[in-house]
Amino acid sequence: MPTQTDPEFDVVVAGAGMIGCTCAVAIAQSGVRVALVDPGPINLKHGRPNQMRVSAVNLASENILRALGAWSVLKAESLSPFRQIDVWDAGSPGQITFRAADAGLAHLGHIIENEAITAALTTQLSQLGNISCFAGDSIETFESDHDGISIVLTSKQNINAKLLVGADGAESRVRSLAEISVEKTPYNHQAIVATVSTELPHRKTARQRFLDTGPLAFLPLQDGHSSIVWSCSPQRFDELNDLDDTAFSAALTEAFENRLGAIALASSRSSFPLINQHANQYIAPRIGLVGDAAHTIHPLAGLGANLGFADAAALAEVDRQCPSRRERYRNPPRSKTL
């Protein structure tokens, strides 16, 4: 991957997850100098499958990844298209089905491992000579003025830029240092995620049942397994969490009305609390927030990652459309800030 000893950059992106990498590649492809900073490794290879961490990538996000050249890097085994969505309610006969064919489409979206998307994006950024990566490092402090933003990393290295993008997740340090406040509202739900095998084939259909205690979603994977997201109330979560794998699989089969026959866990279970979080502003002088740093929402509609991809694309597009962008970066007017 290219290295850069000059500490001067046009844009610094904090966070090398899916959204941070999307932002870095999109901005760098227009020719400006970008630094990507992340406390973990910035990997070029898709390692062992981690099917518990997947995203439902819609057509708009697919188009963004195609435009960046990342889609063509994704391997076929990483792409699981879904052609139908079935949603039904446990408390009534209500059911709705969305079919790609009804809209003249080949598919409605894809279920893809987050790790595979990030690897495809880092493969693209490795081919760009104007991106420098600072792996194993993070933003310690920064100061901004009319001329730019001066950033100190935890490694004590100083780098300078004209814009700092916070793509560093729901607990964003960039947001915190910029003193941007957030509104937080707990959904009073805990999400259980796992990979499961099903007796019946998923037939490239995403399914979601709305239970009294919260929605249960099955997302079809390429290898025939499904990724589940079971959002439930605290009491129901405690009940499920106390079950062993066999009893949990039985409860899952019952909760899903045997729509896919008997269900068995194919991975360990993981869980996390669900919180609605929204930054009160997405920008500050020399600062921009994208993805979970700006907003987090309930996973029931699968929109979280897609909103982040749209954030990154919009920020890159605004940057491209700015008149005399390179001159503005080098010599910003003192009467304005980014």
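The values are calculated or read from the model by the stated rules, or taken from the named source; none is laboratory data. Keep in mind it's a predicted model, so treat the numbers as computed, not measured. So basically every Cβ, Gly included, is an ideal-geometry build from the backbone, and we count neighbours across all protein chains shown.
A few comments on the model shown:
- Selection within the range 208-257 - assigned to a loop (DSSP other than H, G, I, E, B) and either surrounded by fewer than 14 Cβ atoms within 10 Å (Cβ to Cβ) or touching a residue at least 40 places away in the same chain (Cβ under 8 Å) (or both): Asp212, Leu221, Gln222, Asp223, Gly224, His225, Ser233, Asp242, Asp244, Phe256, Glu257
- The lone criterion from (1) more than 30 Å from Pro285 (Cβ to Cβ); (2) assigned by TED's automatic domain parsing to the domain that holds Gly166; (3) among the small types (Gly, Ala, Ser) left unmet by Gly104 is number (2).
- Residue that is touching a residue at least 60 places away in the same chain (Cβ under 8 Å), surrounded by 16 or more Cβ atoms within 10 Å (Cβ to Cβ) and assigned to a strand (DSSP E or B), where the choices are Ile64, Ile85: Ile85
- Considering residues of the range 278-287 that are surrounded by fewer than 18 Cβ atoms within 10 Å (Cβ to Cβ) and touching a strand residue (DSSP E or B) at 6+ places or on another chain (Cβ under 6 Å) only, the residue modelled with the highest pLDDT: His278
- In the set Ser144, Ser197, only one residue is over 30 Å from Asp212 (Cα atoms) and either touching a residue at least 24 places away in the same chain (Cβ under 8 Å) or crowded, with 22+ Cβ neighbours inside 10 Å (or both); that residue is Ser144.
- In this structure, Val165 does not satisfy being closer than 23 Å to Thr296 by Cβ, in the same structural domain as Met18 (by TED's automatic domain parsing) and assigned to a helix (DSSP H, G or I).
- Yes/no for Gln4 being more than 25 Å from Ala170 (Cβ to Cβ) and modelled with pLDDT under 95: yes
- Top-ranked residue of the range 150-174 - restricted to ones that are under 15 Å from Asp10 (Cβ atoms) and surrounded by 23 or more Cβ atoms within 10 Å (Cβ to Cβ), ranked as nearest to the chain's Cα centre (by Cα): Val165
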